[in-house]
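These notes concern the structure reproduced below.
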Amino acid sequence: MPLFTYKAIDAAGKSSIGQVQATNLVDLEMRLKRMGLDMINGGPTRGGTSLMRKGSIKREDLINFCFHLENLVKAGVPLIESLTDLRDSSENPRFREVISGIIESIQGGSALSVALGDYPDVFSPVFASLIRAGEATGRMPQVLLNLTDTLKWEDELAAQTKKIVMLPAFVGSVVLLVTFFLMIYLVPQMVAFIKGMGQTLPLHTRALIVVSGIFVNYWWALIGTPILLIFGIKIAAEKNPLVRYQLDRAKLNIPMVGNILRKIILSRFASTFALMYSAGITIMDAMHSSEEIAGNLVIQEGLRMAGQEIAEGKSVTTAFQDVGLFPPLVIRMIRVGETTGGLDNALLNVSYFYNREVRESIGKVQVMIEPAMTVVLGAILGWVMLSVLGPIYDIMTKIKI
């Protein structure tokens, strides 16, 4: 079905621009009517490209979708009416388009899970699989409740992850800006005065002059090289799986940060695996879907190896122990859960364990970052002051009163 771009207004007279799939302009106008919109104009999208890319719909929209749908389904409201209410109450125009497409698919005879699968950039394969399991087992409200909790947890986890990046980036930027200011503006002005003294300069002063000269003459290279290097590595990782694998390995080996990243990935895996397993999805299907969300090829390879061992008949505990991804304490928790038949609860405990470890680790890193950056900035300032004031002090001590 072709993709149409439209401009329309709602009952309040507010205009909106978006895209929706339709057969023709008449079908487009009818679909917009069902969305509560009056079409102003519209036409086929050139090249059939969609604006509903990943990131256009926030996690908050998905949380509200699951929360409200869970309550409406639990209350016995028919699915079409529930989705219609969600569409009309959504403040995100693109999400309204998605829900309208889902309603159209369900009215055409598709199941909810199939309709969600038509929008993989919005609803992940794991999301659609869980909904399919809820449909098959009759536990849709429970699945939606678990999805709501999981999405909230992922949102909190994303916020914690940003803390690891944002604070060092901010403090590091301040240090770099101060360093550039000193080397490009302040030091050159003082160098002329120091050289005019006509005395032999100490080694650290000569080194400062050389470094300042590099900053003055090659500032463009100092700024451009890291940017080009980052983009080059990014492009190479996208084109070559081996480069991405080595890059993912390097991320896990970064001091302090790598250990936190590993815990975040394993926590996300354990939570997703537990959610799928408790929804009635088989262990192998849950393993296959869960390993895809790892986002790190090194850990993904370990999870794939564990899945292969489980397929060969080994227990979940033995498989995880062989690949060496989890510490002994976590392995013991999984063993108890597998023995007692509560593997999903054991994995949720693993997720809780890692989540707590991540919080504590981030707190420790934050405490260490500011003093470390302060020491670096203090060392640079001390070097500049010593190199500049040292020769001046030497001259003053030689003056006889």
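Going from the fewest other Cβ atoms within 10 Å to the most, the residues 152, 58 appear in the order 58, 152.
The angle between the Cα long axis of helix 203-217 and the longest principal axis of the Cα atoms of the chain comes to about 50 degrees, rounded to the nearest 10. Helix 140-181 and the longest principal axis of the Cα set of the chain meet at an angle near 20°. Taken one residue at a time, the phi angles of the range 248-265 give Karplus couplings (6.51, -1.76, 1.60, θ = phi - 60°) of 5, 5, 5, 4, 6, 9, 5, x, 6, 5, x, 5, 5, 4, 4, 5, 5, 5 Hz. Gly and Pro are set to x. About its Cα centre, the dipole of the chain is roughly 1620 debye, where the only charges are +1 on Lys and Arg Cβ and -1 on Asp and Glu Cβ.
Rounded to two decimals, what ratio of Rg to Rh does the range 113-258 give with C-alpha atoms and a Kirkwood Rh? Ratio of gyration radius to Kirkwood radius: 1.26. In terms of other Cβ atoms within 10 Å, 229, 147 run from fewest to most in the order 229, 147. Could you point to the label whose value was computed as Cα extents along the principal axes in Å for the structure here, given (i) 65, 44, 39; (ii) 100, 63, 38; (iii) 61, 47, 45? Entry (ii).
Computed over the chain, relative contact order equals 13 percent, with contacts defined as Cα pairs under 8 Å that lie 6+ residues apart.
Derived scalar couplings between HN and Hα for the range 62-79 equal 5, 4, 5, 4, 5, 5, 5, 5, 4, 5, 5, 5, 4, 7, x, 6, x, 4 Hz in order, rounded to whole Hz, by the Karplus curve 6.51 cos²θ - 1.76 cosθ + 1.60 (θ = phi - 60°), x for Gly and Pro.
The range 191-257 to the range 132-167: how many Å between their Cα centroids? Measuring centre to centre over Cα atoms gives 40 Å. Against the main long axis of the alpha-carbon atoms of the chain, helix 328-340 sits at an angle near 10°. Between the residues 256, 175, 329, the greatest Cα displacement towards the positive end of the dipole of the chain, with unit charges on the Cβ of Lys, Arg, Asp and Glu, is found for 175.
Full extension of the chain segment joining residue 359 with residue 222 gains 45.8 nm, where the gain is 0.36 nm per residue of separation less the Cα-Cα distance.
Rule-based calculations on the coordinates, nothing more; no lab input. Since the model is a prediction, treat every value here as computed from it, not as a measurement. Cβ sites come from the backbone with ideal geometry, for glycine too, and all protein chains shown count toward neighbours.
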